[in-house]
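Asks: Sending over a structure as structure tokens; questions will come in a sec.
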Amino acid sequence: MGVEAPTADDVDARATALPASSPTWARLEEQIEWYDRKSGQAQRWFKRLKIAQIVTAAAIPVMAGASAPAWLVGGAGALIVVLEGLQQLQQYQQNWASYRATCERLKHERFLFMAKAGPYAASESPEALLAERVEGLVSQEHAAWVSQQKEVERKLGGG
């Protein structure tokens with residue numbers, strides 16, 4: 001029989017038992033929490049805006065069929081444009097996906113570190129390696145975010 005790899009629950013249980021004095025571990029946990037929270041917020045905003053757009057778009061033919069005032073039908077159309085503009089400006093869908101992916105990559109690193117697997121198996125300094133890999137992931141995500149913001153600014157005519 002071989003040694004069984006720890007489950008995600010085992011890793012989470014052991015993680016809470018680690019000393020909080022480790023700056024590397026504290027940074028990893030803070031970043032996982034931040035990306036998890038921000039991903040959830042971006043997901044909620046994206047879905048709220050999309051639901052409002054769908055409901056408003058569905059209401060337009062109903063209002064037109066009910067002979068609603070032209071300003072009301074036109075206003076509903078304008079609202080859809082404003083909601084989509086907010087989505088494009090704030091990039092909720094892209095941030096949701098990007099933050100979720102980064103969060104999951106950080107959790108993956110935590111799991112490998114706790115299991116002493118992957119690059120940590122043969123490392124003479126696993127905590128230093130963890131610090132380098134965590135900062136690499138965070139830096140990659142930040143660089144992608146900056147690039148995305150510049151692209152949005154370019155599309156909006158600001159750059």
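The values are calculated or read from the model by the stated rules, or taken from the named source; none is laboratory data. Being a predicted model, the structure only gives us computed values, none of them experimental. Because the Cβ atoms are built from the backbone with ideal geometry, glycine has one as well, and the counts that use them run over all protein chains shown. Just the protein is used for accessible areas: all its heavy atoms, side chains included, with ligands, DNA and RNA removed. Shrake-Rupley method; radii C 1.70, N 1.55, O 1.52, S 1.80 Å.
Asks: Just to compare against my own numbers: the Cα pair-distance distribution for the stretch 64-107, 10 Å bins, whole % per bin, please.
Replies: 24, 27, 21, 16, 9, 2
Asks: Between the stretch 20-40 and the stretch 99-133, what is the separation of their alpha carbon centroids in Å?
Replies: 13 Å
Asks: Then there is this: For every helix of n ≥ 4 consecutive DSSP H residues, a contribution of -39,500 (n - 2.57) applies; sum these over the chain, divide by its total residues, and give [θ] at 222 nm rounded to the nearest 500 deg cm²/dmol.
Replies: On the way: 5 runs with 128 residues, N = 159.
Per the formula, -28500 deg cm²/dmol.
Asks: Follow-up. Calculate, in nm to one decimal, what residue 70 and residue 82 gain on full extension: separation in residues at 0.36 nm each, minus their alpha carbon distance.
Replies: 2.5 nm
Asks: Could you please state how large a percent of the accessible area of the chain is carbon and sulfur, counting protein chains only and using a 1.4 Å probe? Intermediate values should be presented prior to the final figure.
Replies: Working: 6130 of 9950 Å².
Of all accessible area on the chain, carbon and sulfur atoms account for 62 percent.
Asks: Same structure again: Distances over 15 Å make up what percent of all Cα-Cα pairs in the stretch 31-104? Intermediate values should be presented prior to the final figure.
Replies: Details: 1597 of 2701 pairs.
Above the 15 Å cut-off, the stretch 31-104 has 59 percent of its Cα pairs.
Asks: What number in nm² do you get for the chain if you take the convex hull of its Cα atoms and divide its surface by four? List each step's numbers first, then the result.
Replies: Values: hull surface 58.2 nm².
The Cα convex hull of the chain, projected and averaged over all directions, gives 14.6 nm².
Asks: What longest range of the chain stays clear of loop-exposed GluC sites (Glu not before Pro) (DSSP non-H/G/I/E/B, at most 15 other C-beta within 10 angstrom)? All intermediate terms of the calculation are to be shown ahead of the outcome.
Replies: Values: sites that count: 4, 124.
So the longest stretch without any such site is 5-123.
Asks: If you don't mind, there's one more thing I want to ask. Please list, in chain and number order, the residues 5+ apart from residue 123 or on another chain whose amide H is under 5 Å from its amide H, with Hs placed from the backbone.
Replies: So residue 123 has HN proximity to no qualifying residue.
Asks: From the mean inverse distance of alpha carbon pairs (Kirkwood) and the Cα radius of gyration, derive Rg over Rh for the stretch 75-154. Intermediate values should be presented prior to the final figure.
Replies: Working: Rg = 18.5 Å, Rh = 15.0 Å.
For the stretch 75-154, the value is 1.23.
Asks: Continuing with the same structure: Just the accessible area per residue of the stretch 20-68, please: how many Å² with a 1.4 Å probe? Show your work: numbers first, answer last.
Replies: Working: 2910 Å² over 49 residues.
Ligands and nucleic acids excluded, the figure is 59 Å² per residue.
Asks: Give me the angle, in degrees from 0 to 90, between the Cα long axis of helix 126-155 and the longest principal axis of the Cα atoms of the chain, rounded to the nearest 10.
Replies: It works out to around 20 degrees.
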